[in-house]
Amino acid sequence: MTKSTEENTFLVGKKVNENGEGTETHIVYLGIGSNLDNKEGNLLKAITLLEECAGKVIRVSSFLATEPWGFQSDNGFLNAAVCIETVLEPFELLAVTQHIERRMGREEKSVGGVYHDRIIDIDILLYDSLSISTDTLTIPHPLMKERPFVMVPLREILPQDDFSFFFPS
């Protein structure tokens with residue numbers, strides 16, 4: 001996976017590479033969080049790495065301080081939502097987000113509902129209007145509606161019409 005080059009130009013919904021071939025772009029909403037070390041610095045670094053490795057950062061929510069969810073810890077979280085425009089397909093994006101987590105020092109993923117303190121967590125929340133469910137990736141994120149630390153920042157950056165589409169009353 002390579003980062004888009006500066007020579008690329010955008011057309012409506014398409015990105016044209018240096019060979020003149022079109023590639024569809026996708027709008028993706030990510031949730032990010034950290035509860036170790038310099039939490040704000042960790043979020044800012046993750047946003048920078050997302051821009052470098054995954055796609056153009058379009059919007060970033062305010063940072064929200066929250067208590068740990070699903071496990072006990074003395075370390076509170078700092079969370080945010082990020083909207084990116086990417087040419088990556090869902091599983092490519094998952095690989096990139098996991099690479100960023102490892103690059104930043106995350107050593108283990110949460111498995112089977114067992115959560116741990118973490119320097120960074122990056123979750124794919126929404127990917128266009130795609131719905132997918134596999135053993136390794138579920139979009140929309142299956143627990144986001146239960147998590148205020150996801151929904152509050154997401155609501156801040158997701159346009160109201162889109163929010164109503166994804167989350168009807």
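Things worth noting here:
- Largest first, the residues ASP121, ASP162 sort by 1.4 Å accessible area into ASP162, ASP121.
- Remark: the THR23-SER62 segment gains 10.9 nm on full extension, using 0.36 nm per residue and subtracting the alpha carbon distance.
- Cut-off 10 Å between beta-carbons: net charge of the residues surrounding LEU36, Lys and Arg +1, Asp and Glu -1: +1
- Net charge of Cβ neighbours under 13 Å - reference GLU89; Lys, Arg +1; Asp, Glu -1: -3
- Net charge dipole, the range 24-92: roughly 180 debye, given to the nearest 20, about the Cα centre with Cβ charges of +1 for Lys and Arg and -1 for Asp and Glu.
- Of the peptides 133-141, 55-63, the ranking by mean beta-carbon count within 10 Å, highest at the top, reads 55-63, 133-141.
- Cα gyration tensor shape of the range 123-162, rounded if a/c is under 1.5, else prolate or oblate by comparing a/b with b/c: oblate
The values are calculated or read from the model by the stated rules, or taken from the named source; none is laboratory data. Keep in mind that this is a model prediction, so the values were computed, not measured. Note: ideal-geometry Cβ built from the backbone for every residue, glycine included; neighbour counts use all protein chains shown. For accessibility, only protein heavy atoms count, side chains too; no ligands or nucleic acids. Shrake-Rupley method; radii C 1.70, N 1.55, O 1.52, S 1.80 Å.
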